[in-house]
Amino acid sequence: MNFLQTWWEAVVRGFTQVHTTAVPLPVLLGILACAVVLSIPRATWRWFGLYVTFVHELGHAYAALMTGRFVHGLRIGLDHSGRLVSSGRSAFGAAWSGFWGYPAPAVVGLGLIAAVSAGRSGAAMSVGALILLVSLIFLRNLTGIFVALVSAVIAQVLLLFATPTIVNYVVLALGVALSVGGVRDLFKLAGVHARRRERLASSDAFILGRTTGVPAFVWLSGFTVVIAGCAATSAWLLWGLLTI
């Protein structure tokens, strides 16, 4: 009981604290380097990409819930594949849920960077810790449960033991890494439509085009606009945090 009380106090404290940290150039370069190392080389992307896929699928799940759809389950594969099963009568809800997969990492990344910029990284950490715990009810395979548990444990440990400055830096690094990962996945999707068309059946843009009648390139363009806008805004916020 004491542990739960301590944990809940840490969650609440995250919502009430405001801590702005200026980011020196060497620290910012280190954060950018960490994001690149996590998101570009195949060896590290093999593992961090699972987390990006998790965020992608949570984008589908929470978008579905926003429109009143029922989420039956979420699965993540070791090959970075993902599948969300939801149901509802609204065609708009299905399209809305289908759209918010690929943009989700970039949107979350922007949200994390904006939280640091506003001095509310503690609130971002508290929200993230709660969302990760709640998301466990959606998962239906061991890989997904493993990714969610590891992510949740890291979030809870930071929430309980990390200093506000460390939380700022970790939230910022995760925000940048998700932004880079979101851009990487967009390029991968574009490659499927341009060169590896035998894999089109797994493309969200193709699925949305088939189910709504709106051409896949329109959905792909929508992904691109949202992700590019998030990336540009994130870069602007990072520049504002920089202290040389």
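The values are calculated or read from the model by the stated rules, or taken from the named source; none is laboratory data. Because the structure is a prediction, the values reported are computed rather than measured. Note: ideal-geometry Cβ built from the backbone for every residue, glycine included; neighbour counts use all protein chains shown.
Computed values, structure above
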{"read-out": "Residue in region 1-20 that is assigned to a helix (DSSP H, G or I) and of a type in the set (Lys, Arg) present", "value": "yes"}
{"read-out": "Those residues of region 22-44 which are surrounded by 14 or more Cβ atoms within 10 Å (Cβ to Cβ), under 20 Å from Ser121 (Cβ atoms) and among the aliphatic types (A, V, I, L, M), in sequence order", "value": "Val23, Val27, Leu28, Ile31, Leu32, Ala35, Leu38"}
{"read-out": "Of residues in region 83-98 being free of Cβ contacts under 8 Å to residues at least 60 places away in the same chain and small (Gly, Ala, Ser), the one surrounded by the most Cβ atoms within 10 Å (Cβ to Cβ)", "value": "Ser97"}
{"read-out": "Verdict on Leu65 being in a helix (DSSP H, G or I), touching a strand residue (DSSP E or B) at 6+ places or on another chain (Cβ under 9 Å) and surrounded by 21 or more Cβ atoms within 10 Å (Cβ to Cβ)", "value": "no"}
{"read-out": "Meets criteria (farther than 20 Å from Gly14 by Cβ, touching a residue at least 24 places away in the same chain (Cβ under 8 Å) and among the small types (Gly, Ala, Ser)) for Gly144", "value": "yes"}
{"read-out": "In region 100-136, the residues that are at pLDDT 95 or above, among the small types (Gly, Ala, Ser) and not in a helix (DSSP H, G or I)", "value": "Gly101"}
{"read-out": "Scope region 191-244; condition of a type in the set (Ser, Thr, Tyr) and in a helix (DSSP H, G or I); matching residues", "value": "Ser202, Thr211, Thr212, Ser221, Thr224, Thr233, Ser234"}
{"read-out": "Sole exception among (1) touching a Leu at 6+ places or on another chain (Cβ under 9 Å); (2) among the polar types (S, T, N, Q); (3) farther than 24 Å from Ala228 by Cβ; (4) part of a helix (DSSP H, G or I) for Ser97, by number", "value": "(3)"}
{"read-out": "Pairs, first without any contact (Cβ under 8 Å) to a residue 60 or more places away in the chain and on the phi > 0 side of the Ramachandran plot in region 223-243, second surrounded by 14 or more Cβ atoms within 10 Å (Cβ to Cβ) and among the aliphatic types (A, V, I, L, M), C-beta under 6 Å, six or more apart", "value": "none"}
{"read-out": "Matching entry among Ser203, Ser151, Ser135, Ser179 (being farther than 23 Å from Val37 by Cβ and either under 14 Å from the mean Cα position of the chain (by Cα) or in contact (Cβ under 8 Å) with a residue 24 or more places away in the chain (or both))", "value": "Ser135"}
{"read-out": "So Leu174, is it in a helix (DSSP H, G or I), of a type in the set (A, V, I, L, M), within 22 Å of Tyr51 (Cβ to Cβ) and in contact (Cβ under 8 Å) with a residue 12 or more places away in the chain", "value": "yes"}
